[in-house]
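What follows is a set of notes on a single structure, which appears directly below.
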């Protein structure tokens, strides 16, 4: 129904064309929808055959695979060729507000969260339970994440600059109608 | 005659120890408390940020406006057809299960729209079981309605909101139908013709009130349209606020929506007119119902069954199935660890809000009644209207207004507290549940006020006069005469406010302090991440609480319409 119209817009939109160009030469075969904004539902829709490819945060798929090791959807990291930029990634951060009542202990707590002890796989580790890649460089990833294999990250922009692109990114999402139906 | 009309004002004039305007001070203050946050928004619209509106107009605003109007028109039409149709069916015809259906048709009121929304989404979208089965039967490309669309949002909101129209239309039909139909039949009209030519037009005030109420609910809805990716003004405000942290834009959009809401109130008054025809009909006589046989009987029962299944039994069965699954094997963390906390937060927020709203509503309603006489009722009525304005305002508008209003005050208060030696820098009002309670009061004052006001009708001036003659003072009269008489209204109002706060989404989402999570928010976040099973547990909890006022409405029968009239 709306897939055809969307496909047309999609080709016209050079940002998205560039985004996929390097990773997926068969772009013209893709059926593209932007109206689902729940990552889990995007994966389930790929499974149901509504779309061929979904762009999601990896931990949603990891969570589904942890529930069912035979889950038939697999990962594909874009932009992994020789001259390519690598896959986009984002970081979960933590901070202390200026109104914090207990500054010193907050610092200690954040230091603990980012320590090797808290980042290595365990039942209480935040990265493990949430299927995120650890931020501590020496920490190991959870076993399902290990099974995804090695991949290159897109380091074109320093993570500290991400915030500068928040509004343009939201503008772009609104322009293509991400998460919006008609 | 003339002596009576002379003595009545004479009596009431001789008793007041406080002049009229003094009794209006408190109600006026409360009304100001409610109007000021909303008024702050109006000022904004007269001083718009031009470049901001240019950008909005070039990007998302046309879609949001269009969607808002399509949604309201669709829900208006849908609730009109379902509400009026089924109200007439159960009033004028006798069929299998009629008495049951008459009450059960109110059940969908207990489901918050966003709960119905996510159940429909999970059930009917491409990856959902129904569409999947459909493809298995009719092939991969078989046509199926796209639920993630205007159609889906309108369908869900219509199914949740038709009871408003149903309830009011049924009451109006009952009150006027018997004599009207008799007269019409005598004049040679068929029953159907009498319905379209006489009964429907005569019931117009009630029906318009119900339809406008449903349209306003559609306009103020946040959760459902969010799930359906259907961007309305209400949804846009929350999105700009939550994702862009852009309170300026959110506030100015809220000011725009404020005006849309005002236009709706105006339209309702215009269409309803001054008339309340239905009260002139013969009360107490019920229209003899036409007994349906065979196919007619089957169709009538079937229609009720289908509507009830779609709007209540199917979604609830799905929720129960998910809930049982989640109960046995949790999919998202251990729900048991947080369930108690969320229930506690929801119950205490709803409880505090209900008590505060009812107390304030009692003061306003009492003051307004006391100062209203046959000749002088403009000012008290106007105050009452101001105090109840919040109910027509979307949660996002109320949240924006309250924050805008409270922020400067809060900084002053907090700075002052610091000079008194308070070391904590956190904000005293906007950083705590105080702001939430305030916003709930603004939003739901009308609910409390209407319940109490309608029960105050029972208190006649004679009762007060009698009490005063026996030497009771104003406070004593209020405590010993008014309070017992209005306690039912207070309880009903408190329950309605309680449930409304339990279900409330946008205000809580935007104004809650860190770490304050309610059942409604828990449901919303889980459903937004497609954790349907996990979302079922808080959703069912809200549903159980939401059923209480619906059962009350079922028992109240006709009189129930007072409770929801705004």
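Here is how the numbers come out for the structure above:
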| quantity | calculated |
| --- | --- |
| Lone qualifier among A:97, A:128 - being part of a helix (DSSP H, G or I), out of contact with any strand residue (DSSP E or B) (no Cβ under 9 Å at 6 or more places or on another chain) and within 14 Å of chain B (Cβ to nearest Cβ) | A:128 |
| In region B:322-342, the residues that are surrounded by fewer than 17 Cβ atoms within 10 Å (Cβ to Cβ), within 30 Å of residue B:128 (Cβ to Cβ) and under 29 Å from the mean Cα position of the chain (by Cα) | B:338, B:339 |
| Positions within region B:46-60 being away from chain A (no Cβ under 11 Å), assigned to a helix (DSSP H, G or I) and under 13 Å from residue B:253 (Cα atoms), in sequence order | B:46, B:50, B:52, B:53, B:54, B:57 |
| Number of the exception - residue B:180 against (1) part of a helix (DSSP H, G or I); (2) touching a helix residue (DSSP H, G or I) at 6+ places or on another chain (Cβ under 7 Å); (3) away from chain A (no Cβ under 14 Å); (4) at pLDDT 80 or above | (4) |
| Residue A:57, sole failed condition from (1) under 20 Å from residue B:128 (Cα atoms); (2) within 14 Å of another protein chain (Cβ to nearest Cβ) | (1) |
| Pairs, first closer than 27 Å to residue B:226 by Cβ and facing another protein chain (nearest Cβ under 10 Å) in region B:128-155, second part of a helix (DSSP H, G or I) and modelled with pLDDT under 85, C-beta under 9 Å, six or more apart | B:146/A:2; B:149/A:2 |
| Qualifying residue in region B:286-300 (condition: in contact with a helix residue (DSSP H, G or I) (Cβ under 9 Å, 6 or more places away or on another chain), assigned to a helix (DSSP H, G or I) and either modelled with pLDDT of 85 or more or crowded, with 23+ Cβ neighbours inside 10 Å (or both)) | yes |
| Yes/no for residue A:172 being in a helix (DSSP H, G or I), closer than 30 Å to residue B:64 by Cβ and touching a residue at least 40 places away in the same chain (Cβ under 8 Å) | yes |
| Some residue of region B:378-397 being more than 28 Å from the chain's Cα centre (by Cα), without any contact (Cβ under 8 Å) to a residue 60 or more places away in the chain and more than 14 Å from chain A (Cβ to nearest Cβ) | no |
| Enumeration of residues in region A:115-132 that are without any contact (Cβ under 8 Å) to a residue 60 or more places away in the chain and surrounded by 15 or more Cβ atoms within 10 Å (Cβ to Cβ) | A:118, A:119, A:120, A:121, A:125, A:126, A:127, A:128 |
| Enumeration of residues in region A:163-172 that are closer than 28 Å to residue B:151 by Cβ and more than 9 Å from chain B (Cβ to nearest Cβ) | A:172 |
| Selection count where residues are more than 14 Å from chain A (Cβ to nearest Cβ) and either in contact with a helix residue (DSSP H, G or I) (Cβ under 8 Å, 6 or more places away or on another chain) or part of a loop (DSSP other than H, G, I, E, B) (or both), scope region B:398-442 | 20 |
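Table: residues versus (1) surrounded by fewer than 18 Cβ atoms within 10 Å (Cβ to Cβ); (2) out of contact with any helix residue (DSSP H, G or I) (no Cβ under 7 Å at 6 or more places or on another chain); (3) over 21 Å from residue B:81 (Cβ atoms).
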residue: B:110; (1), (2), (3): no, no, yes
residue: B:115; (1), (2), (3): no, no, yes
residue: B:119; (1), (2), (3): no, no, yes
residue: B:132; (1), (2), (3): yes, no, yes
residue: B:139; (1), (2), (3): yes, yes, yes
residue: B:154; (1), (2), (3): no, no, no
residue: B:157; (1), (2), (3): no, no, no
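For every residue, the table says whether it meets (1) more than 12 Å from chain A (Cβ to nearest Cβ); (2) buried (at least 24 other Cβ atoms within 10 Å of the Cβ); (3) at pLDDT 85 or above.
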residue	(1), (2), (3)
B:192	yes, no, no
B:205	yes, no, no
B:208	yes, no, yes
B:211	yes, yes, yes
B:215	yes, yes, yes
B:223	yes, yes, yes
B:238	yes, yes, yes
B:244	no, no, no
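The values are calculated or read from the model by the stated rules, or taken from the named source; none is laboratory data. Model, not experiment: these values are computed from the prediction. Here Cβ is always computed from backbone atoms with ideal geometry, including for glycine, and neighbour counts include all displayed protein chains.
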